[in-house]
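Participant: Got a structure for you, written out below as structure tokens; questions coming shortly.
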Amino acid sequence: MSLSLATPRQPASAPPLDHPLDHPLDHPSGHPPGHPPPPSLGRREALPGGEAGTARDLAALVHHCTASDSRRDVVWLRLSTLPPGLDRPHHRRLLREAATPPVGPRGRSFHLPNGDLAVVAPPGPGAGIAETTRAALEGALPEVMLGQVLRTMRLPQEAVSVLAALEESLGLRQPPAPPADARPLDPAGLAEAERALRHADVWPLHARQSVCRLIPEEGRLEPVREDVRPIAASVSERLLGGRDASASPALAAHLGDLLAARLLATLLSRRDWQGSPRPLHLPLSLATLSGPAFLHLDAMLPPALKPLLTLGLPALEVLAAPGEVPLLRRFLLARGYRLALEVPEPGLLAAFRPARLGIATLRIPFSPDLPAAPGMLRTVLEDRRTELVLAGCDGAAAIAWGWKMGIRLFQGRAIQHRRG
């Protein structure tokens, strides 16, 4: 198992926001998600007087603009980043007043939980709200701070960025904790882990996330399979005595194969899989797939259950071993397994034609690089022989962008949270 330590189609409905603010599966208005939001949510920017809105209203407005391709300019006043000397109530009030230019009857301002202010208005002739706001703030803030406090965006082009900023304002995006100092994994530590693995239950060391098809027209998430992959921190704590495997890529790869072999050896003995076998996605190295643990599982597994296993091939290994892959691929397909390609970054997509390889699923994690290069996904999305799973969907931004692109299969903390 790989131990990772080291033309878009127009959607039939609005893009989903898997977010407590605005989710098509439990819309607060009860309005069917396959239609534009009701005036109270999706069109409040058109209310006379520019009534101030909430975070929920802003999420719904992004939803509406993305679905209808309506253009809006966005000014985000990041008052939460003010230094202590300026972060005072009267300073905030003055800055809000300066940053709220007359935007006309279709403009809106949004007061956010962390004190930030967002102003949204349609583009028009003359100076836009971005220029007007910057000019107003030039006398209120030092020039060096303008870039820190003032941010401008456009809808629908930068919907992902607006939703990410919204999640940050709600405290849903916490910076990752800095890694603790740890000894690098060495051969002695690997030998200890190998001994511990002989009788270990390794399933608690793995994250198990649902891969779901989003069907907003029916108001539900449809589980497709369960993704099972190692948790680096748990492996380090339980098997390595806190050692850092990422510092030793070759040893980490060998450890991943040992961990995968133990996982495969215990699959059929698990009570939850004995009583009710369910589809699983298992990312496995080429060495594991041709090793004794997998061959033993293949011999013991009834033919009817083999299609339940989707085997994730690491894209980098596939590229590095072109001579080995065709034979292994033919063997796995002949035995009835489903094949997936684990693509860690969008730049690798150009090197593959998944359907020609017999690949049923392509799995790629969401990252900031993905929206910047949407063309790389279009070939896959247009070829209906291969499904695409967008992993790493930890918030609304990733899901909204994926839906707009035509992706329907999602995986991540936001999906897991929604399923409970």
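The values are calculated or read from the model by the stated rules, or taken from the named source; none is laboratory data. These figures come from a predicted structure and were not determined experimentally. Don't worry about glycine lacking a Cβ; one is built from the backbone with ideal geometry, like all the others, and counts go over all protein chains shown.
Participant: From the list ASP369, ASP298, pick out the single residue that is of a type outside the set (A, V, I, L, M) and under 28 Å from LEU267 (Cβ atoms).
Facilitator: Working: ASP369 fails: under 28 Å from LEU267 (Cβ atoms).
The unique qualifying residue is ASP298.
Participant: Can I ask one more? If you check LEU381 against the conditions, is it of a type outside the set (S, T, N, Q), under 30 Å from HIS417 (Cα atoms), in the same structural domain as LEU308 (by TED's automatic domain parsing) and surrounded by 20 or more Cβ atoms within 10 Å (Cβ to Cβ)? Show your work before the answer.
Facilitator: Details: of a type outside the set (S, T, N, Q): yes; under 30 Å from HIS417 (Cα atoms): yes; in the same structural domain as LEU308 (by TED's automatic domain parsing): yes; surrounded by 20 or more Cβ atoms within 10 Å (Cβ to Cβ): no.
No, not satisfied.
Participant: Right, ALA191: more than 24 Å from the chain's Cα centre (by Cα) and at pLDDT 90 or above or not? Full working, then the answer.
Facilitator: On the way: more than 24 Å from the chain's Cα centre (by Cα): yes; at pLDDT 90 or above: yes.
When the stated conditions are applied, ALA191 passes them.
Participant: Somewhere in segment 316-331, is a residue modelled with pLDDT of 90 or more and not in a helix (DSSP H, G or I)?
Facilitator: No, the conditions are met nowhere in segment 316-331.
Participant: Now for a separate question. Which residue, of GLY406, GLY395, GLY402, is surrounded by 21 or more Cβ atoms within 10 Å (Cβ to Cβ) and in contact with a helix residue (DSSP H, G or I) (Cβ under 8 Å, 6 or more places away or on another chain)? Step through it out loud before you land on a result.
Facilitator: Details: GLY406 fails: surrounded by 21 or more Cβ atoms within 10 Å (Cβ to Cβ); GLY402 fails: in contact with a helix residue (DSSP H, G or I) (Cβ under 8 Å, 6 or more places away or on another chain).
The match here is GLY395.
Participant: Are there any pairs with C-beta distances below 8 angstrom linking a residue in segment 306-329 that is in the same structural domain as PRO277 (by TED's automatic domain parsing) and farther than 20 Å from VAL389 by Cα to a residue that is among the hydroxyl-bearing types (Ser, Thr, Tyr) and surrounded by fewer than 18 Cβ atoms within 10 Å (Cβ to Cβ), with the two at least 6 apart or on different chains, and if so which?
Facilitator: From segment 306-329, the pairs are GLU324/SER290; LEU328/SER290.
Participant: Name, by its number, the condition in (1) at pLDDT below 75; (2) part of a helix (DSSP H, G or I); (3) surrounded by fewer than 21 Cβ atoms within 10 Å (Cβ to Cβ) that does not hold for GLU45.
Facilitator: (3)
Participant: State which residue is surrounded by the most Cβ atoms within 10 Å (Cβ to Cβ) when the search covers only segment 247-259 and only residues that are in contact with a strand residue (DSSP E or B) (Cβ under 8 Å, 6 or more places away or on another chain) and small (Gly, Ala, Ser). Spell out the reasoning first.
Facilitator: Residues of segment 247-259 in contact with a strand residue (DSSP E or B) (Cβ under 8 Å, 6 or more places away or on another chain): 247-248, 256, 259.
Still in the running and small (Gly, Ala, Ser): 247-248, 256.
Values: ALA247: 15, SER248: 20, GLY256: 25.
Across segment 247-259, the extreme among qualifying residues is GLY256.
Participant: Next question. Looking at this structure, is LEU280 of a type outside the set (Asp, Glu), crowded, with 16+ Cβ neighbours inside 10 Å and in the same structural domain as GLU226 (by TED's automatic domain parsing)? Outline the logic, then answer.
Facilitator: Working: of a type outside the set (Asp, Glu): yes; crowded, with 16+ Cβ neighbours inside 10 Å: yes; in the same structural domain as GLU226 (by TED's automatic domain parsing): yes.
Criteria met by LEU280.
Participant: I've got another one for you. Sort through ARG278, ARG335, ARG243 and tell me the only one that's touching a Lys or Arg at 6+ places or on another chain (Cβ under 8 Å) and at pLDDT 95 or above. Write out each step before concluding.
Facilitator: Numbers: ARG278 fails: at pLDDT 95 or above; ARG243 fails: at pLDDT 95 or above.
Step by step, each of ARG278, ARG335, ARG243 is checked, and only ARG335 is touching a Lys or Arg at 6+ places or on another chain (Cβ under 8 Å) and at pLDDT 95 or above.
Participant: What number of residues within segment 233-263 satisfy the criterion of being assigned to a helix (DSSP H, G or I), of a type in the set (Gly, Ala, Ser) and more than 30 Å from PRO307 (Cβ to Cβ)?
Facilitator: Quick first cut of segment 233-263, residues assigned to a helix (DSSP H, G or I) only: 233-239, 245-247, 249-263.
Among the residues that remain, those that are also of a type in the set (Gly, Ala, Ser) are: 233-234, 236, 245-247, 250, 252-253, 256, 260-261.
Subset that is more than 30 Å from PRO307 (Cβ to Cβ): 233, 236, 245-247, 250, 252.
Number satisfying all stated conditions: 7.
Participant: Follow-up question, since we're still on this one. Take the residues in segment 354-393 that are more than 16 Å from the chain's Cα centre (by Cα) and among the small types (Gly, Ala, Ser), then tell me which one is nearest to LEU409 (Cα to Cα). So that I can check it myself, show each step before the final result.
Facilitator: From segment 354-393, those more than 16 Å from the chain's Cα centre (by Cα) are 354-361, 375-376, 378-387; that's our starting set.
From the residues that got through so far, the ones that are among the small types (Gly, Ala, Ser) too are 355, 358, 360, 375.
Values: ALA355: 17, GLY358: 19, ALA360: 13, GLY375: 18 Å.
For segment 354-393, the residue satisfying everything is ALA360.
Participant: Give the residues of segment 358-412 that are of a type outside the set (A, V, I, L, M), part of a helix (DSSP H, G or I) and in contact with a strand residue (DSSP E or B) (Cβ under 8 Å, 6 or more places away or on another chain), sorted by residue number.
Facilitator: Filtering segment 358-412 for residues of a type outside the set (A, V, I, L, M) gives 358, 361, 363, 365-369, 371, 374-375, 378-379, 382-387, 392-395, 401-404, 406, 408, 410-412.
Filter again for part of a helix (DSSP H, G or I), leaving 369, 371, 375, 378-379, 382, 401-404.
Correct list: GLY402, TRP403.
Participant: Moving to a separate point now. Within the bounds of segment 402-416, is there any residue that is of a type in the set (Lys, Arg), at pLDDT 80 or above and touching a Pro at 6+ places or on another chain (Cβ under 6 Å)? Write out each step before concluding.
Facilitator: Initially, segment 402-416 is screened for residues of a type in the set (Lys, Arg), giving 404, 408, 413.
Narrowing further to those that are at pLDDT 80 or above: 404, 408, 413.
Retained after the next criterion (residues that are touching a Pro at 6+ places or on another chain (Cβ under 6 Å)): 404.
Yes: one or more hits.
Participant: If you don't mind, another one. Could you say whether any residue in segment 264-283 is under 26 Å from the mean Cα position of the chain (by Cα), of a type in the set (Lys, Arg), outside any helix (DSSP H, G or I) and on the phi < 0 side of the Ramachandran plot? Steps first, answer last, please.
Facilitator: Taking segment 264-283 as the starting set, the residues that turn out to be under 26 Å from the mean Cα position of the chain (by Cα) are 278-283.
Adding the requirement that they be of a type in the set (Lys, Arg) leaves 278.
Right, trim to outside any helix (DSSP H, G or I) and you get 278.
Then drop every residue that is not on the phi < 0 side of the Ramachandran plot, which leaves 278.
Within segment 264-283 (the criterion being under 26 Å from the mean Cα position of the chain (by Cα), of a type in the set (Lys, Arg), outside any helix (DSSP H, G or I) and on the phi < 0 side of the Ramachandran plot), the answer is yes, since at least one residue qualifies.
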